[in-house]
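The values are calculated or read from the model by the stated rules, or taken from the named source; none is laboratory data. Since we're looking at a predicted model, the values are computed, not measured. Because the Cβ atoms are built from the backbone with ideal geometry, glycine has one as well, and the counts that use them run over all protein chains shown. Side chains included, ligands, DNA and RNA excluded: accessible areas come from the protein's heavy atoms. Shrake-Rupley method; radii C 1.70, N 1.55, O 1.52, S 1.80 Å.
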Amino acid sequence: MKSLSLLLALMCLQQAAAETPAAPATQICQTTELVAAEKFDRPESFAKEGQPGMDGWRAGIGTWSIVDGAAYAKQEGPSKNRPNGHEAVCEHLVELGDYVLTGEFKLGASPQIGFVCRDTNKPNLHQGRVVITPTAIWIQKMSGIAKETRREELTKIEVKLDPEAWHRITVEVCGDRWLARVDDHTLEARHERFKDRKGRIGMVARGEGAQFRHLSLWSAQSKG
């Protein structure tokens, strides 16, 4: 019986090790600790509403579901409070300074997606995001929330991304530096706003059809 228990425990440890992602290759940040890793292959990938603490990805604005083993986004439609609707938002509650985020995305029919962070204010104010479309990628500094949101484009590159293909992304934010790598495309920007501590990190999508999978979030520190 003891041998069977030890075998089962060993199998569980091996499975957990296999599911723990390896630290990603980075350029400006050194990962220090894995904060969250999610495949988005089951409904339980999303944190339940009202779940306490910082565990799990919270499907906030819009409709989020699991389709073909990945998170599927549909933006919120027009309403009295939001006449123009609102992009779909899924975020992880955190208490971080520097961080690295990796994952995969497919644009599908969505005209635009973004990987974002917000600060620790109440409510959490926008800090920055890398924005991705089928024809361009850019990094923008942000501030405010809701109607007070302000954005400033810092750097932009023209690209051609297949909306029906999966693409790999790595986001590194260390100090005032923000580096984003999408497949073989890399861009970097600097702004003092990026230094503020982060209270929410996640992804957003306009329209319907964008998908996300295999997201890993790491705390980090600058490589110097």
Looking across region 121-130 at residues that are surrounded by 14 or more Cβ atoms within 10 Å (Cβ to Cβ) and touching a residue at least 60 places away in the same chain (Cβ under 8 Å), the single one that is nearest to the chain's Cα centre (by Cα) is Arg129
Residues of region 154-189 being basic (Lys, Arg) and either assigned to a strand (DSSP E or B) or within 18 Å of the chain's Cα centre (by Cα) (or both), in sequence order, are Lys156, Arg168, Arg177, Arg181
By residue number, the members of region 131-152 that are over 14 Å from Asp176 (Cα atoms), part of a strand (DSSP E or B) and touching a Leu at 6+ places or on another chain (Cβ under 8 Å) are Ile132, Ile137, Trp138, Ser143
For region 161-184, pairs from a residue that is of a type in the set (A, V, I, L, M) to a residue that is in a loop (DSSP other than H, G, I, E, B), with Cβ under 7 Å and 6 or more apart or across chains, are Leu161/Leu107; Leu161/Pro134; Val173/Asp98; Leu179/Gln27; Leu179/Ile28
Exception for Trp178 within (1) under 26 Å from Trp64 (Cβ atoms); (2) open to solvent by 10 Å² or more (accessible area, probe 1.4 Å); (3) touching a helix residue (DSSP H, G or I) at 6+ places or on another chain (Cβ under 9 Å) falls at (2)
Over region 23-52, the set of residues modelled with pLDDT of 90 or more, open to solvent by less than 90 Å² (accessible area, probe 1.4 Å) and more than 14 Å from Leu217 (Cβ to Cβ) is Ala25, Ile28, Gln30, Asp41, Phe46
Contact list, first residue from region 27-42 and part of a loop (DSSP other than H, G, I, E, B), second anywhere and among the acidic types (Asp, Glu), beta-carbon distance below 9 Å, six or more apart or interchain, is Gln27/Glu172; Gln27/Glu188; Ile28/Glu172; Ile28/Glu188; Lys39/Glu19
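Listed here are the residues, each with its yes/no results for (1) closer than 21 Å to Glu172 by Cβ; (2) crowded, with 16+ Cβ neighbours inside 10 Å; (3) in contact (Cβ under 8 Å) with a residue 40 or more places away in the chain.
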residue: Leu96; (1), (2), (3): yes, yes, yes
residue: Phe105; (1), (2), (3): yes, yes, yes
residue: Ser110; (1), (2), (3): no, yes, yes
residue: Asp119; (1), (2), (3): yes, yes, yes
residue: Ile132; (1), (2), (3): yes, yes, yes
residue: Thr135; (1), (2), (3): no, no, no
residue: Ile145; (1), (2), (3): no, no, no
residue: Arg151; (1), (2), (3): yes, no, no
Original post:
Quick one: would you say Gly209 is within 26 Å of Glu76 (Cα to Cα), within 15 Å of the chain's Cα centre (by Cα) and either open to solvent by less than 50 Å² (accessible area, probe 1.4 Å) or modelled with pLDDT of 95 or more (or both)?
Top reply: no
